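Below is one structure, written out as structure tokens; comments come after it.
The values are calculated or read from the model by the stated rules, or taken from the named source; none is laboratory data. Computed from a predicted structure; not experimentally measured. Here the Cβ is made from the backbone with ideal geometry for all residues, glycine too, and neighbour counts use every protein chain on show. What goes into the accessible areas is simple: the full protein's heavy atoms, side chains included, and nothing from ligands, DNA or RNA. Shrake-Rupley method; radii C 1.70, N 1.55, O 1.52, S 1.80 Å.
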Amino acid sequence: MASSRQFKLAKESELRVEVGPDMPLRIRLFSGTAEIFGTELPPSNWLSISPRSKIAVFTWNGATIELDGVSEVEYVADETPMVSYVNVHAILDARRAQAKASHSNNVDSLQGPRVIVVGPTDSGKSSLCKMLLSWACKQGWKPTYVDLDIGQGYITIPGCIAATPVEMPIDAVEGIPLEMPIVYFYGHTSPTANGDLYKVFVKELARTLERQFSGNAEARAAGMVINTMGWVEGLGYELLLNAIDTFNCDVVLVLGQLNVDITGLIDFQFLLCKSASIHFCLADIVLGTCQRAFAFLIGLLLYCLQEKLCSMLKEVLKTKPKVDVVKLHKSGGIVMRNQKVRQKARSLKIREYFYGPINDLSPHSNIVNFSDISVYRIGGGPQAPRSALPIGAEPVADPTRVVAININRDLLHLVLAVSYAKEPDQIISSYTNYPSSLSDEHVIVLSVDPQQQQDTSLPRLLEGRGGFIKDRMGVMVLADLGVSIYASKLACAIDIFVHCSNVAGYIYVTDIDVVRKKITYLAPCPGELPSKLLIVGTLTWLEG
Ligand SMILES: Nc1ncnc2c1ncn2[C@@H]1O[C@H](COP(=O)(O)OP(=O)(O)OP(=O)(O)O)[C@@H](O)[C@H]1O
């Protein structure tokens, strides 16, 4: 659909648009008021919406919207879940005010709402997060956005766990301005690559935010909005529970309930045929029926997943009366994305990092010698020798071990993170915190020097460097780095803290010259890298 055209929206309706793959689409508020995912459109100005975007322009009181350029799909829908979303916002707003008042009155200071949005893939989690954040900003709050979605990360690039304060409604084109985001580079787009490392980063991020909140009552009262992955079964579910617990969440919003908007589907069907004056032929009817049946089945699947997720969460969280689990409809405008489309979305997000959301940035190509940088992978390598493990236990890979890797052509087309760490052992380091008195809560297997296997005295262990903690065979295992393991039936509760370095940014490897030992990379800005310590995962990108 090309050329300029207008849509008159009645109150509480929305214009849904899917931009084509090649050209941006221009959009303008002609009259009335309207918003894109919680951010109001400025009057009269044309906005350029990036290719492949799918957006909804919603109006509370009625508006006329003008479009200019090519789109794949555009239609108006008057059934939306927006009223339920804004009701959630109103409750969160009241809790923020309560938290602020408790701080000013010097009574026991309450924390602002910590909302986690969960649901299957394509249930509208990121869009709802944007709305809740933008509406909160409109009321003058500065909530913290936490993005745990390594598959379709919004704050920087996929493969990261990140957080940033949001100080103004999120720009529909440019996204969140990133002043000082906290970013940990996990390096993979699936948690199966290293689920333990994912948890380590989640814990570290929660701890860092907690520290910031303790010195900033305003940010604490504004609370957090946490986006999550769409994987809600098996390990995905375990990681959700872990996140709810680690961030001390008190509101769990479960998205995905079936709300099949039949009129929307029919409209969509018309639009697919790309003609307003459509003449149904048999093929159209068959195609339409298949699509409706397919959409219905997908909807049913989502419904089952959401029902199951919601009842599982309610059951598990019933011991925590302060946690509200709320089920919400997903919007009928969301189109399911297949693996290929999701991969393309990831690729666009990485491109956006280097070139900007509207191609307004110029990345720089640089060349360095192999000897000028060091590349590390996190995870892998044996945790401890078999001889040092408890009888019957198998050595496992250490999820937080930092391993130096050889630079070779395997790095080609990978995205690497530039660590803020000064030394390799600062990329991830850990320490233990022993309680002042012992309790019977845990049986701990602690590590000691293999040469002195009988030396299991606590003072000696205090000198050791902690590794990671893992629940195995009903015991907690603390594997020490450089010191191997010995089972000692000590009854005590200990905390292990893992400190991870934030990352400064990313580079993309465009060429490796093994003969001249030189690496060519793309960086967002010119000049030397802020650190020579780089982290690699499995995140690839093919430019173009
Ligand atoms: N009301 C709507 N109308 C049209 N498109 C929409 C609407 N709401 C969301 N979308 C689009 O649908 C797509 C999926 O939505 P969103 O990213 O919010 O889902 P998600 O659950 O976070 O997905 P994922 O599981 O991949 O993280 C996005 O491109 C989003 O812009």
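Note on segment 285-334: residues that are open to solvent by less than 90 Å² (accessible area, probe 1.4 Å), in a helix (DSSP H, G or I) and at pLDDT 85 or above total 7. Of all the listed residues (Lys138, Lys142), the sole one being open to solvent by 10 Å² or more (accessible area, probe 1.4 Å), more than 24 Å from Asn45 (Cβ to Cβ) and either touching an Asp or Glu at 6+ places or on another chain (Cβ under 6 Å) or of a type outside the set (Phe, Trp, Tyr) (or both) is Lys142. Filtering segment 220-234 to residues that are among the aliphatic types (A, V, I, L, M) and either within 16 Å of the ligand (Cβ to nearest atom) or in a loop (DSSP other than H, G, I, E, B) (or both) leaves Val225, Ile226, Met229, Val232. The residues listed here are Lys203, Lys125; of these, the one that is within 14 Å of the ligand (Cβ to nearest atom), touching a residue at least 40 places away in the same chain (Cβ under 8 Å) and of a type in the set (Lys, Arg) is Lys125. Does Ala94 satisfy being open to solvent by 50 Å² or more (accessible area, probe 1.4 Å), small (Gly, Ala, Ser) and either in a loop (DSSP other than H, G, I, E, B) or modelled with pLDDT of 95 or more (or both)? Yes. Taken over segment 180-218, the criterion of being in contact with a Gly (Cβ under 8 Å, 6 or more places away or on another chain) and of a type in the set (A, V, I, L, M, F, W, C) is satisfied by Phe185, Ala193, Leu197.
Only one entry of Pro120, Pro158, Pro113 meets the criterion of being more than 16 Å from the ligand (Cβ to nearest atom) and either touching an Asp or Glu at 6+ places or on another chain (Cβ under 6 Å) or open to solvent by less than 10 Å² (accessible area, probe 1.4 Å) (or both), and that entry is Pro113.
Return the total of residues in segment 528-543 being exposed (fewer than 13 other Cβ atoms within 10 Å of the Cβ) and touching a residue at least 12 places away in the same chain (Cβ under 8 Å).
Applying the first criterion (exposed (fewer than 13 other Cβ atoms within 10 Å of the Cβ)) to segment 528-543 yields 528, 542.
When the remaining residues are screened for being touching a residue at least 12 places away in the same chain (Cβ under 8 Å), the result is 542.
Here the count works out to 1.
The condition of being modelled with pLDDT of 95 or more and among the charged types (D, E, K, R) holds for Asp149.
Yes/no per residue for (1) more than 10 Å from the ligand (Cβ to nearest atom); (2) not polar (S, T, N, Q):
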{"position": "Glu14", "(1), (2)": "no, yes"}
{"position": "Ser44", "(1), (2)": "yes, no"}
{"position": "Leu47", "(1), (2)": "yes, yes"}
{"position": "Ala56", "(1), (2)": "no, yes"}
{"position": "Gly62", "(1), (2)": "yes, yes"}
{"position": "Val86", "(1), (2)": "yes, yes"}
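Restricting Arg337, Arg351, Arg342, Arg346 to residues that are basic (Lys, Arg), open to solvent by 50 Å² or more (accessible area, probe 1.4 Å) and within 29 Å of Leu241 (Cβ to Cβ) narrows the list to Arg337.
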